[in-house]
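One structure below.
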Amino acid sequence: MSEFNDVEVLHIADQIECYLKSHPHAADTVEGITQWWLPGQGIEVSSSRVQQALDYLSLKSVVKCNANLNGNRVYSSNKAK
């Protein structure tokens with residue numbers, strides 16, 4: 001769990017959480033979040049760092065993960081109805 005003490009991972013998690021507050025019905029893969037959500041907020045990071053942030057947000061029950069028809073993991077807000 002040491003990656004959750006990483007300032008960069010926590011910052012990425014914060015930005016993902018902010019994005020989801022502004023776009024409560026958004027859903028995407030790690031790659032989509034890395035390529036589309038974060039660069040729109042001025043953040044360029046690796047998909048492995050985004051995955052760490054999503055793992056953290058999953059533990060906090062901020063995001064949920066579902067598999068799409070292709071078997072890809074898709075992340076979305078756990079609060080969207």
### Query
For the chain, what class follows from the C-alpha gyration tensor (a ≥ b ≥ c being the square roots of its eigenvalues): rounded when a/c is under 1.5, otherwise prolate if a/b is larger than b/c, else oblate?
rounded
#### Entry: Rel. contact order, % - alpha carbon contacts under 8 angstrom, at least six apart, the chain
35 percent
### In degrees, nearest ten, helix 47-59 long axis to first principal axis of the chain (Cα)
70 degrees
### Query
Given charges of +1 on the Cβ of Lys and Arg and -1 on the Cβ of Asp and Glu, with all other atoms neutral, how large is the dipole of segment 2-77 about its Cα centre, in debye to the nearest 20?
280 debye
### Summary
With label points set 7 Å from each Cα along the Cα-to-Cβ direction at Val7 and His23, the distance between them in nm comes to 2.8 nm
### Message
Per 0.36 nm of contour for each residue apart, how much would the distance between Glu44 and Ser58 grow if the chain were fully extended, relative to their Cα-Cα spacing?
### Response
2.9 nm
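Any read-out appearing in this document is the output of simple, stated calculations on the displayed coordinates, not a laboratory observation. The structure presented is a predicted model; accordingly, all values stated were derived computationally and were not measured. Note that we place each Cβ from the backbone using ideal geometry, even for glycine, and neighbour counts take in every protein chain shown.
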